[in-house]
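These notes are about the structure you will find just below.
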Amino acid sequence: MEHNDLVRLLTRDRLMLQAVIRSMVSDHHLAEDILQEVFVVALEKRAQFQKGSNFGAWEREIARRVALAQLRKARREPPLDPETMEILDPAFEAPAAVWTEKRDALRDCVGRLPEDSRRVLALRYVESVPLEQIGGLVSRSTDGVKALLKRLRHSLAMCMNARLGHGALSDEGGAL
């Protein structure tokens with residue numbers, strides 16, 4: 001595979017690769033480092049890609065191997081076992097346009113949340129701050145933070161379903 005073709009495909013599939021990596025690594029910054037390493041490894045191994053085979057499966061396998069190597073190096077366990085990852089794999093087959101649509105819907109839905117809710121989401125899912133520490137920062141108990149995150153995930157899922165046309169809510173009804 002030519003260098004430029006590979007770069008184009010990796011760029012196209014960036015959101016999907018981020019999702020694969022984030023499903024294995026809960027640390028946002030580590031996930032970004034792993035993504036960069038995946039690009040490097042894919043470029044180094046581009047001659048091994050068999051033309052006509054499933055490119056998405058090939059790049060996801062590289063992402064999994066790089067992520068597992070980084071987790072072993074950091075002496076951390078992956079959050080999902082290999083069987084669960086295999087079950088989830090078909091969900092990553094969506095075309096790049098679907099990933100972009102979902103990202104845009106999520107961005108819009110998060111943007112509709114109150115500032116304090118966005119802060120809690122960012123602390124947990126971007127900065128990987130432990131629940132106990134978030135509780136101290138927002139004056140809530142750990143259980144209160146867990147309950148808030150559960151409500152926020154549910155609200156975001158409902159909003160995204162409405163935005164993507166998968167739910168009964170209209171676009172106007174999707175406001176949080």
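Only the coordinates and a few stated rules stand behind these numbers; no lab work does. All figures in this text were calculated on a predicted structure; none of them were measured in a lab. Cβ coordinates were reconstructed from backbone atoms using ideal geometry, including for glycine residues, and neighbour counts include every protein chain displayed.
Among the residues making up segment 115-131, those that are more than 22 Å from Ala19 (Cβ to Cβ) and in contact (Cβ under 8 Å) with a residue 12 or more places away in the chain are Asp116, Ser117, Arg119, Leu131. All told, Met16 meets the bar of being touching a Gly at 6+ places or on another chain (Cβ under 8 Å), closer than 24 Å to Val126 by Cα and touching a residue at least 12 places away in the same chain (Cβ under 8 Å).
Return the residues of segment 53-88 that are assigned to a helix (DSSP H, G or I), aliphatic (A, V, I, L, M) and within 16 Å of Glu32 (Cα to Cα); say none if nothing qualifies. Working first, answer last.
Looking only at segment 53-88, we keep the residues that are assigned to a helix (DSSP H, G or I), and these are 55-73, 82-88.
Within this subset, residues satisfying the condition of being aliphatic (A, V, I, L, M) are 57, 62-63, 66-69, 71, 85, 87-88.
Across segment 53-88, the qualifying residues are Ile62, Ala63, Val66, Ala67, Leu68, Ala69, Leu71.
Residues of segment 59-78 that are surrounded by 13 or more Cβ atoms within 10 Å (Cβ to Cβ) and farther than 19 Å from Leu6 by Cβ: Ala67, Leu68, Ala69, Gln70, Leu71, Arg76, Pro78.
Being buried (at least 18 other Cβ atoms within 10 Å of the Cβ), in contact (Cβ under 8 Å) with a residue 12 or more places away in the chain and not in a loop (DSSP other than H, G, I, E, B) is a description that applies to Val38.
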